[in-house]
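Everything on this sheet refers to the single structure shown next.
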Amino acid sequence: MERMSRITLASSPSLVVCALLASLEACAVGADSVRPDGAIRSDAGRDTGALEMDSGVATDTGATPSDTGVSPADTGVVPGDTGVSTCPLGQVRCSGRCVDTRSDPMNCGDCGLPCVGLGGAIGTCVNYRCESTCMANRGDCDGNVGNGCEQDLTASPMHCGACGRTCNVANASATCSAGRCLLMACNPSFADCNSLAGDGCEVDTRSDANNCGACAVPCARANATGVCQSSTCRIGACNAGFGDCDGNAMNGCEQDTNSSNTHCGACNRSCSVANGTGGCSGGACRVASCNAGFGNCDGNAANGCEANLNTDPNHCGMCGRRPVEACNLADDNCNGVCDDVAGCRVAVHRSLNAGTGEHFYTTSLAEAMCCGFTVEHTNFYYLYGVAAPGLVQFMRCIAGSKHFYTADPNCEGVTIEGPMGFIATSPVCGAVALYRTVHNSNGDHFYTTSIAERDLAIASGGYINEGIAGYVWTSPMGM
């Protein structure tokens, strides 16, 4: 039987040349393996000793070898491995299968050299070298290959979702869950109002006007600018024209100081005016109306309705009016004197006829001294010479042989001589009562403005009281 031999070219970078063999398949059996990069390696796991052959050609002597009692030499061929199967270019046979030691994680760089993944890593083979690839949600965050991918990126607050990504959020404590930073709790007086974990508890509820004391609690007050202080909404400033007059921040600046009579222009500033009614307008106190007989003639609300329209000659009856006095029982020029103008009144003189006991009253002094009469009083009293409201004619009449005087236009049914003038029906413009009496025997009518004189006439003169004939004046003008 023909024997075969092989040569190990330990130093050759090329494929092994099998000398003196007709078949290349024999070369694969027991021969050294060649890596795709040209390096020669020995067949791992097998006996690497090769028989050193002679010239490599078996000589057939035609004789049958005798049994020497010595076991045949180890040929390096695994029993049953006929060497018939070859590996593709770039692969080698390891434990009966073809592998690429450039990338096979169980035979990385050589047969039987596995790439083991440590601590959450997967071993991979890259260009004959073992490398580690972290599993999903694991990370090699300390750079130490000895402990592999030591970090659980789903739960580590210092490496949340990626190495070095810390769950360090503003004003809060945080945790890592499923690779995402989650807020656990906000620090006191802080809140996460935008629900974004990235900026933490971004709102200081002690001072945030939009989130005062809690999220979505705006610090807004009526007619005011709200200010959040110590988590409480307070009034920073009232809007123009408004005031916080009750001190209650909840209802804001509740008073309209532009129109409030009790808070005019400012809280508790009352709008009141002398002799009138005040009205607040535009934050200033103004005169709304004056009491009867008064006027705001200087336009100054501070002194109210300062002008007395009944007594102020410069504002008589109305502001700025300076009328001329007339004969009308009124103080037309507001100087405090009624009808202080000449010609309004006429004087009445009193005479006595001692022979008949008759008292005679006339506006003519000559008549008063005529015909047996003696003047007792000139200008005894005054009547108006012209008609005016409140005046009636004072008639001179004759009853028998004696005169008497009455406001009755028909002279009480006796002879009418005519009017003397006009007498008042009430004590206007300084008028006084004109008392009328009649003698109980001779029929004389006695008139006087003096109560004492009347009473004396009644008491000792034989006169009877007939009341008041009307109202007359004791001066020619004024009063």
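Among the residues of the range 445-461, the one identified as among the hydrophobic types (A, V, I, L, M, F, W, C) and touching a residue at least 60 places away in the same chain (Cβ under 8 Å) is 446.
Could you count how many residues in the range 193-206 are out of contact with any Asp or Glu (no Cβ under 8 Å at 6 or more places or on another chain) and at pLDDT 95 or above? Count: 3. Yes or no: residue 398 assigned to a strand (DSSP E or B), over 21 Å from residue 366 (Cβ atoms) and more than 60 Å from the chain's Cα centre (by Cα)? Spelling it out, it is not the case that residue 398 is assigned to a strand (DSSP E or B), over 21 Å from residue 366 (Cβ atoms) and more than 60 Å from the chain's Cα centre (by Cα). Out of 285, 271, one residue alone is touching a Gly at 6+ places or on another chain (Cβ under 8 Å), under 27 Å from residue 320 (Cβ atoms) and part of a loop (DSSP other than H, G, I, E, B). It is 271.
Consider the range 341-368 and keep the residues that are among the charged types (D, E, K, R) and buried (at least 17 other Cβ atoms within 10 Å of the Cβ). The one that is nearest to the chain's Cα centre (by Cα) is 345.
Among the residues of the range 187-235, those that are assigned to a loop (DSSP other than H, G, I, E, B), closer than 17 Å to residue 251 by Cα and not aliphatic (A, V, I, L, M) comprise 212, 218, 219, 221, 223. Can you tell which of 417, 453 is among the acidic types (Asp, Glu), assigned to a strand (DSSP E or B) and closer than 22 Å to residue 373 by Cα? Selected residue: 417, the only one of 417, 453 that is among the acidic types (Asp, Glu), assigned to a strand (DSSP E or B) and closer than 22 Å to residue 373 by Cα.
For residue 111, state whether it is over 23 Å from residue 140 (Cα atoms), at pLDDT 90 or above and assigned to a loop (DSSP other than H, G, I, E, B). Yes; evaluated as a whole, the condition is true for this residue. When each of 407, 399, 388 is tested for being of a type in the set (Gly, Ala, Ser), closer than 19 Å to residue 448 by Cα and touching a residue at least 40 places away in the same chain (Cβ under 8 Å), the lone residue that passes is 407.
Within this structure, residue 201 passes the test of being buried (at least 17 other Cβ atoms within 10 Å of the Cβ) and either polar (S, T, N, Q) or within 30 Å of residue 157 (Cα to Cα) (or both).
As for the range 302-315, it holds at least one residue that is among the β-branched types (Val, Ile, Thr), surrounded by fewer than 16 Cβ atoms within 10 Å (Cβ to Cβ) and not assigned by TED's automatic domain parsing to the domain that holds residue 454. Per the listing 394, 360, the residue uniquely under 20 Å from residue 477 (Cα atoms), at pLDDT 95 or above and in the same structural domain as residue 460 (by TED's automatic domain parsing) is 394. For beta carbons closer than 9 Å, sequence separation of 6+ or different chains, a first residue in the range 462-473 that is under 13 Å from residue 445 (Cβ atoms) and a second that is part of a strand (DSSP E or B) and among the small types (Gly, Ala, Ser), the qualifying pairs are 469/433.
The values are calculated or read from the model by the stated rules, or taken from the named source; none is laboratory data. None of the values given here were measured: they were computed from a predicted structure. All Cβ positions, even for glycine, are placed from backbone atoms using ideal geometry, and neighbour counts span all protein chains on display.
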